[in-house]
1. Among the residues of the range A:117-145 satisfying the criterion of being facing another protein chain (nearest Cβ under 9 Å) and in contact with a Pro (Cβ under 7 Å, 6 or more places away or on another chain), which is nearest to B:Gly259 (Cα to Cα)?
2. Quick one: A:Val183 ticks every box in (1) in a loop (DSSP other than H, G, I, E, B); (2) over 19 Å from the mean Cα position of the chain (by Cα); (3) surrounded by 19 or more Cβ atoms within 10 Å (Cβ to Cβ) except a single one, so which number is it?
3. Search the range B:477-489 for residues that are facing chain A (nearest Cβ under 7 Å) and pair each with any residue that is part of a helix (DSSP H, G or I) when their beta-carbon atoms are under 6 Å apart and the residues are at least 6 apart or on different chains.
4. Considering only residues that are open to solvent by 30 Å² or more (accessible area, probe 1.4 Å) and either assigned by TED's automatic domain parsing to the domain that holds A:His191 or free of Cβ contacts under 8 Å to residues at least 24 places away in the same chain (or both), which ones fall in the range A:95-123?
5. Report the residue count in the range B:264-284 for those that are among the hydroxyl-bearing types (Ser, Thr, Tyr) and not in a helix (DSSP H, G or I).
6. Test A:Thr50 against the stated conditions and say whether it is at negative phi, modelled with pLDDT under 90 and open to solvent by 50 Å² or more (accessible area, probe 1.4 Å).
7. For the range A:59-133, which fully contained helices (runs of 4 or more DSSP H) count at least 2 residues that are closer than 21 Å to A:Ala143 by Cα?
8. Find the residue count for the range B:312-328, including only residues that are crowded, with 18+ Cβ neighbours inside 10 Å and within 11 Å of chain A (Cβ to nearest Cβ).
Amino acid sequence: MTFALWLLMAGVLLLVLWPRHGLWARWKAWRAARQRILIEDALKSILEYTLDHRTDPSPEALAGLLHLPLARAQALVDLLAARGLVERRAGRVHLTDAGRDWAVHILRAHRLWERYLHDHAGWPLDQVHPQAHRLEHRLSPTAAQRLYEALGYPATDPHGDPIPPSQGEIPQPSTTPLTDWPVGQPARIAHLEDEPAMAYQQLLACGLQVGQQVQVLERTPERVVLLREDGEECRLAPGVAANVHVVPAEAHERRMPPDVLPLNQLPDDAEAEVVAIDPAVQGLARRRLLDLGFTPGARVRVYLRAMFGDPRAYLVRGTRIALREEQAARIWVRPLPTAPSPNTLNDEGASPHDATPAQTPNPRP
Amino acid sequence: MTLPRLKPQTRAPKEPQARPLGASFPTPACATCPAAASLAPLGADDGRVADYVVALAGNPNTGKSTLFNRLTGLRQHTGNWPGKTVTRAEGAFEFNGKRYRVVDLPGTYSLLSTSEDEEVARNFILFGRPDAVIITVDATALERNLNLVLQILEITDKAIVAVNMMDEARRKGLDIDTRALARDLGVPAVPIVARTGEGVSRLLQTLEALVKGEIRTHPRRVQGSEVFQQALQTLMAEVEALLPGLPSARWVALRLLDGDPRIIEALRSGELHALAQGQATQTRVQVPSTRINGDMERLLAVPGPQAPGWQTPDAATQARIEALLRKAEELRRGLGPAWQDAVVEALYAEAERIARRVVHRQGQPRRYDWDQVLDRLLTSPVTGLPVLMLMLGVVFWITIQGANVPSELLARALFWLEARGAALFEALGLPWWLTGFLWHGVYRGLAWVVSVMLPPMAIFFPLFTFMEDLGLLPRIAFNLDWLFRKAGAHGKQALTMAMGFGCNAAGVVATRIIDSPRERLIAILTNTFVPCNGRYPTLIMLATVFIAAQFPPAYASFVAALAVIVTILLGIFFTLLVSWGLSRTVLKGLPSAFTLELPPYRRPNFLQILYTSFIERTIFVLRRAMATAAPAGGVIWLLANITVGGQSLAWHIAGFLDPLGRLMGLDGVILLAYIIAIPANEIVVPTMIMVYQNASMMIELDSLQALRDLLVGQAGWTLLTAANLMLFAILHNPCATTILTIYKETGSKKWAAFGALMPLGLGIVVTILVATVVRLLGYG
């Protein structure tokens, strides 16, 4: 009996103390991983604060960013300092070179994952941040470089934040919050702040996206009214509008002409000319559309509608390519007059009444 | 949609004995004959040193494989289905006494993207240093095809454009001025019709002249914007300084500007240096892997270092290489965000210009007339669904009805042989257990599977291949995409699912046509929910014996058919449901994309169809099934004939499984039959009957009435048992062949295990639910 008891105890001890796979070792590893995540989050927050405010954060600011009580934040700063990652300068937390390198890596990993999740895995924009936040701690610098290459050296994440290159400084474009932007002057959206999530979802619900041109129509303490390039208006609370950062629309950038519409709205049997692929489509998806021949100036014709109405097949450069509605919605086209051209495929169908004018209320000035 | 090739060497046509090869024989026969006669297809490349290496490139669906088959005499499947080249295709032929090795590259629209097919194609053209590249283009869509031609001409000067499908172009009233095309491109252009062989001899003569250096080419290089030109020139100068003699310096500079990881690696490892010194660093085309990286982390797994066949650069060179790479990155940043768009646009603009000069339309365009009529019929909301159902129905009807008689004959012949064999063994005085195990166990299992499986597959696969080659399948995918999109899947899954009706393992392999990892994995994991033709017999038997028997005889056969159809629809429902669940949970992070091209309808080649469907599909599946059925037959015999305490082992196991079986509305014998029938579902029913009757081998009953008496009278089956068994027949683990195929296709034990256990778990849960509800309602 006692022998069995001893055996049991030995078994339990082994289970707990077994090197590397025992419970104790696992718990230690879990603790270490937790601590590393905390350290990495802190480094990233410090770096972001520094980039945004051009000054180092105070421990209080850091506590706020990390949602930690001040005492714990102070302890964290001490830990970081002990590891040579930060130093205290005049009551503020300053990243050392080592700390900055690490922080840049995490920032880069985060933004690369966001790019990947959005472009390649098709995640909705408002879900990429939390997932990237989990994944960023699991990417080695080598793997990050591979991801960077595989994604085609993206310059920004889907929210418009710059992705640090493999070497050199982080480019920090100077942007203006929409709340400070003069009324009536055209602007291009450079960055949509994805935190807090509630405000970000409002921006997405409003149809705003990075790269879009907007104009402030009205600004009062209660609301900011925007005109999107496709002619839709949208209203935002000033607190939310402050999360939209814009740059001046450059002189040579035209607004999307009024007679342009997304390909999915092109009527059946109508013909059109591709104007542009939406800037929101990046990476492989963009390349693919271009390779299939949807380049500016290409003639497109609706060839066929599937049984359930979606997808539709388009005749482009002599081949019939099927696109789903959400893909076609990202291709801007200008309908052409429906005179039968040599490129059209047959003689039936293109009758005048289902032609384009109904879809294009204001012909090009 | 082809299955992996079975040892191409064994299928290669015999070495042409009549035709002397090489220098050891004089070739008097061909001193006078026309050039075409001196083409000798040599079939699969037998590894002998070739005089020249020729790469075949081109857009998907431009007749590349047809030309390949014509040159080499091989039978590479030429399905009318863009983007399906996943098999290695190398062959050889002899022309005017010289051996040419032909490499069929994957069909692509472009060479600029990061897709695997494009990487394979561009890397071989660069690193393989082929003596010539034959670019097949579709004469009816020249503009689109020229985009790729221009890109290839950026890499190599040794190219010939084979303007294929001249007959179709003529029918459409298109006149292609190939002389003007050759002048514009700066490389030879030859009009051909690969299907009939028209113009191929001229193509070969041109090829010969090109590889011998008798033709000088001046390929057109696309200019692009000023800023881009400047950046490219700067980088090209640096590349040439570092690697003097590199044949494609401009292309390498362009790829470095683009940041192509493969080229960067080649630069760092010294591969480009070796290339500059005239060494072809890649002699074989890499087969694009069909495996899926099932995890986000694994997507980034760094491939291990491989021993290079060239020297690694010294420290000084390495420093220069790094400087070059920094320069490339700096230039790239200087070009701004949209420069890659501009490159593609410039290429297409050039292609448009050339096409406008070269293509002349004669008379009224009558393009796609029949195509469009047919397409409208297939995709209209009114006629689409009925036509689709009709096609499916006809295929099933032909398969099931047509297989009856051959199955019967085959079974009779094979079982006759079993009786003879067993009698022979007995006459020889061999022990009874040996006879039993080998003949009534192993052989009988094999014979059973072959006789049930072979006839329907030999009918179903040719029908399916016929629809594939005709071009119908992309339309079906197009039509049903909406449904599958709602489930987070790809329209092409409709086809892999349809293939699953023939055989789930073949369906899993067929998922290679889906180029997006997430959607492909979904299609693989859910394929087992549609019953393959090994499972119809069970379904039909149950529907006839139990469900139809509840109705007056006049309606019986109709009700039975209806019950089977309902089961199949349930299978499709579960396919969509599980696809939906998977795409929102475990597979959420994998890359997802949708592309689908509707190719023109083409007249299928019947010999090719028979060949493809028999050799590449039927025999492939049959071989895998036989490999697993034989041992299963042995195990079944052992279970039935080893007795413990007066009862067979099978009986004991069935008794042990009985409580779970009862809970699921089934019984222990059924579960046992499914466990031992993992290799092939065909033997489920014979095994059940064997255990119920306490027989010593798998048997079948002569009449349905006898079957009914056995199952209802003796085994105590109810309507619930039959209904739940029909459910369980579609919701259980796939057969061993399919599990093995899932493992091979995904390269992951995890996904193979998931693919086996998830449907089984679902089946157990669903049958328990049904049984419980029915019992609570007071039935059963």
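The values are calculated or read from the model by the stated rules, or taken from the named source; none is laboratory data. From a predicted model like this one, the values you see are computed outputs, not experimental measurements. Here the Cβ positions follow ideal geometry from the backbone for every residue, glycine too, while neighbour counts run over all protein chains shown. Ligands, DNA and RNA are excluded from the accessible area calculation, which covers all protein heavy atoms including side chains. Shrake-Rupley method; radii C 1.70, N 1.55, O 1.52, S 1.80 Å.
1. Looking at residues that are facing another protein chain (nearest Cβ under 9 Å) and in contact with a Pro (Cβ under 7 Å, 6 or more places away or on another chain), I get A:His120.
2. (3)
3. Listed by first residue and then by second, the contacts come to B:Asn479/B:Thr379; B:Asn479/B:Gly384.
4. A:Asp97, A:Ala98, A:Asp101, A:Gly122
5. Going through the range B:264-284, the residues among the hydroxyl-bearing types (Ser, Thr, Tyr) turn out to be B:269, B:281, B:283.
Filter once more, so that each one left must be not in a helix (DSSP H, G or I): B:281, B:283.
Final tally of qualifying residues: 2.
6. Details: at negative phi: yes; modelled with pLDDT under 90: yes; open to solvent by 50 Å² or more (accessible area, probe 1.4 Å): no.
No.
7. On the way: elements: A:59-66, A:70-82, A:97-119.
Fully inside the range A:59-133 and qualifying: A:97-119.
8. Our first condition is that a residue be crowded, with 18+ Cβ neighbours inside 10 Å; within the range B:312-328, this holds for B:313, B:321, B:324, B:328.
Those still in the list that are within 11 Å of chain A (Cβ to nearest Cβ) too: B:328.
Qualifying residue count for the region: 1.
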